[in-house]
Amino acid sequence: MKATTSVRKTSRKDLASVMDKEGRARRAPALSPRNSTSLTAWANLYVSVHVVGAPLKTQEAKLRDLQAFLAWFSSEVGHDQVDGWTPAVSRAF
């Protein structure tokens, strides 16, 4: 029998938690066992490692693109669990 995991839809506000008032990326909380299967949590980790410190326009573009992808992914797949992210899903985006 499979273990049930909490599944939630992604909203545009999910990445807002890693942006400051000027729209720049800031450090996000680390992944925890509780959220390690969430694509949004992985996106937040990506932002904190690879986007923080980049030029402002780069940060804005990356955050905008990630928000668009996460919203689309949640709408198309119905959740934000990383195991739903397949090559076919990436191609469809």
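The values are calculated or read from the model by the stated rules, or taken from the named source; none is laboratory data. Just so you know, these numbers come straight off a predicted model, no measurement behind them. Cβ coordinates were reconstructed from backbone atoms using ideal geometry, including for glycine residues, and neighbour counts include every protein chain displayed. Keep in mind that these areas ignore ligands, DNA and RNA; they rest on the heavy atoms of the full protein, side chains included. Shrake-Rupley method; radii C 1.70, N 1.55, O 1.52, S 1.80 Å.
Which members of region 79-93 meet the condition of being open to solvent by 30 Å² or more (accessible area, probe 1.4 Å) and touching a residue at least 12 places away in the same chain (Cβ under 8 Å)? Steps first, please.
Of region 79-93, the ones open to solvent by 30 Å² or more (accessible area, probe 1.4 Å) are 79, 82-83, 85-88, 90-93.
Selection gives HIS79, VAL82, ASP83, TRP85, ALA92, PHE93.
I need every pair where a residue in region 39-59 that is within 11 Å of VAL82 (Cβ to Cβ) has its Cβ under 6 Å from the Cβ of a residue that is assigned to a helix (DSSP H, G or I) and not aliphatic (A, V, I, L, M), sequence separation at least 6 or different chains.
Taking only residues 6 or more apart or on different chains, the pairs are THR40/ASP14.
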